[in-house]
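The values are calculated or read from the model by the stated rules, or taken from the named source; none is laboratory data. Just so you know, these numbers come straight off a predicted model, no measurement behind them. Cβ atoms come from the backbone with ideal geometry, glycine included; neighbour counts cover every protein chain shown.
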């Protein structure tokens with residue numbers, strides 16, 4: 001007797017407004033953490049660094065965010081280059097999504113890249129990039 005597997009869940013269609021809302025929430029939380037560090041001098045301790053003494057992919061992000069708000073890209077880059085690149089990508093995405101949400105054209109990745117950008121695959125790709133970055137930054 002053949003067993004039937006459950007159908008794959010249907011993901012909602014992409015919504016620029018929903019993406020902007022999530023990006024805004026992400027920026028607010030990150031901004032609150034950076035503001036707490038700037039005003040109070042306290043940051044979020046990294047459990048990985050506390051346990052191992054090694055830097056994780058996010059180590060230095062709070063200080064890098066503060067440097068970026070001051071326009072010091074070189075200093076931010078030296079603290080966490082991956083964070084600086086991610087901020088650049090998020091700024092581009094935010095602008096594109098805002099244009100679309102305001103009625104402008106929808107910009108989508110090229111066809112060859114779309115299979116890589118499916119949600120689960122994207123998480124794996126970002127995770128691999130983070131691990132490689134962490135290994136390299138701890139070796140160099």
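Annotations
- On the stretch given as region 31-58, residues that are without any contact (Cβ under 8 Å) to a residue 40 or more places away in the chain, surrounded by 14 or more Cβ atoms within 10 Å (Cβ to Cβ), outside any helix (DSSP H, G or I) and in contact with a helix residue (DSSP H, G or I) (Cβ under 7 Å, 6 or more places away or on another chain) total 1.
- When the criteria are applied in full, residue 24 meets the requirement of being without any contact (Cβ under 8 Å) to a residue 12 or more places away in the chain and assigned to a helix (DSSP H, G or I).
- When region 76-89 is filtered for residues that are assigned to a helix (DSSP H, G or I) and surrounded by 15 or more Cβ atoms within 10 Å (Cβ to Cβ), the ones remaining, listed by number, are 76, 77, 79, 81, 82, 83, 84, 86, 87.
- The residue pairs whose first member lies in region 113-124 and is on the phi < 0 side of the Ramachandran plot and loosely packed, with under 11 Cβ neighbours inside 10 Å, whose second member is modelled with pLDDT of 85 or more and in a helix (DSSP H, G or I), and whose beta carbons are closer than 9 Å, counting only pairs six or more residues apart or on different chains, are 115/121.
- Flag if residue 70 is out of contact with any strand residue (DSSP E or B) (no Cβ under 8 Å at 6 or more places or on another chain), under 17 Å from residue 37 (Cβ atoms) and exposed (fewer than 12 other Cβ atoms within 10 Å of the Cβ): yes
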